[in-house]
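**Q** This is the structure I have questions about; it appears just below.
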Amino acid sequence: MVRTALCHCGKLRLTATGEPEWVNLCYCQACQRRTGAPLHAGTYFAADRVEIDGDSKSFARPADSGYTMTFRFCPHCGSNLYWLASRFPRHIGVAVGGFADPEFPAPSFSVFEKWKHPWLGNSETMDQFPEGRTGPPLGHT
Ligand SMILES: [Zn+2]
Ligand SMILES: [Zn+2]
């Protein structure tokens, strides 16, 4: 299995061969701010199974664990496509969204649930739309 992950503009490309080592969600505040979304979905592949094409810039920060996270992002569109975690020096972390593939393996665990937006936890009680929201307009009339 060969999968390709792309940044928003497509100039930064990552190809991963084989299956991911793991997939997880993270609700921490740093991930919320980095992604602009209420959660992060990430996966890790063995570094020797990953090829990267295209320029990237990096932003490094210490993680709560004390290890360093170095996020690589496209200098043209700003997408954070992958990252290096000093805790996992033989792996490369990849944004699951970069694959834009609903068939991508599901997460097996999530972390920082304490920062989770409560509405994320009860999908059975929410309306679920296959694409954009349909129905009455949002907001007060
Ligand atoms: Zn880009
Ligand atoms: Zn996080």
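**Q** Can you put 1, 69 in order of Cβ neighbours within 10 angstrom, beginning with the fewest?
**A** Values: 1 7, 69 20.
Ordered from fewest to most neighbouring Cβ atoms within 10 Å, 1, 69 come out as 1, 69.
**Q** Taking DSSP loops as anything outside H, G, I, E and B, show the longest stretch in the chain free of GluC sites (Glu not before Pro) there with at most 11 other beta carbons within 10 Å.
**A** No qualifying site falls inside 1-102, the longest such stretch.
**Q** Work from the charge dipole of the chain (Cβ charges, +1 for Lys and Arg, -1 for Asp and Glu, about the Cα centre) and give the residue of 76, 16, 42 farthest towards its positive end.
**A** 76
**Q** Here's something else I'd like to know. Please work out the C-alpha center-to-center distance from the range 18-33 to the range 49-99 and express it in whole Å.
**A** Distance between centres, Cα-based: 11 Å.
**Q** Springs between alpha-carbon pairs under 10 angstrom, Gaussian network model over the chain: which of 27, 82, 67 fluctuates most?
**A** Between 27, 82, 67, it is 67 that shows the largest mean-square fluctuation.
**Q** Quick one: 3J(HN,Hα) in Hz for the range 106-115, Karplus 6.51/-1.76/1.60 with θ = phi - 60°, rounded, Gly and Pro as x.
**A** 6, x, 9, 7, 10, 10, 6, 4, 5, 9
**Q** Also, quick follow-up: Shape verdict for the range 1-78, please, from the Cα gyration tensor: rounded (a/c under 1.5), prolate (a/b greater than b/c) or oblate.
**A** Cα axes put the range 1-78 in the oblate bin.
**Q** If you consider only alpha-carbon coordinates, what radius of gyration and Dmax does the chain have, in Å?
**A** 16.3, 56
**Q** Ok, one more. Using Cα pairs under 8 angstrom and six or more residues apart, how large is the relative contact order of the range 2-113, in percent?
**A** Normalised by residue count, the contact order of the range 2-113 is 33 percent.
**Q** Once amide H atoms are placed 1.01 Å from N in the peptide plane, what residues at a sequence separation of 5 or more from residue 110, or on another chain, have their amide H within under 5 Å of its amide H?
**A** Distant-sequence amide H within range of residue 110: 25.
**Q** Any idea what the dipole of the range 2-113 comes to, in debye rounded to 20, about its Cα centre with Lys/Arg Cβ at +1 and Asp/Glu Cβ at -1?
**A** In total the dipole reaches around 380 debye.
**Q** Next question. Which lysines have a Cα less than 23 Å from the Cα of residue 11, not counting those fewer than 8 places away in the same chain?
**A** Qualifying lysines at Cα under 23 Å: 57.
**Q** Something else about it: Which of the aspartates and glutamates could be linked to residue 114 by a straight reach, that is with a Cα gap under 15 Å, when you skip same-chain ones fewer than 8 residues away?
**A** 64
**Q** To continue, here is another question. Which one, 85, 26, 62, is farthest towards the positive end of the dipole of the range 2-113 when Lys and Arg carry +1 and Asp and Glu -1 on their Cβ?
**A** Selected residue: 62.
No value in this document is a laboratory result; all are computed from the given coordinates. This one's a predicted model, so the numbers in the text were calculated from it and none came from an experiment. Cβ coordinates were reconstructed from backbone atoms using ideal geometry, including for glycine residues, and neighbour counts include every protein chain displayed.
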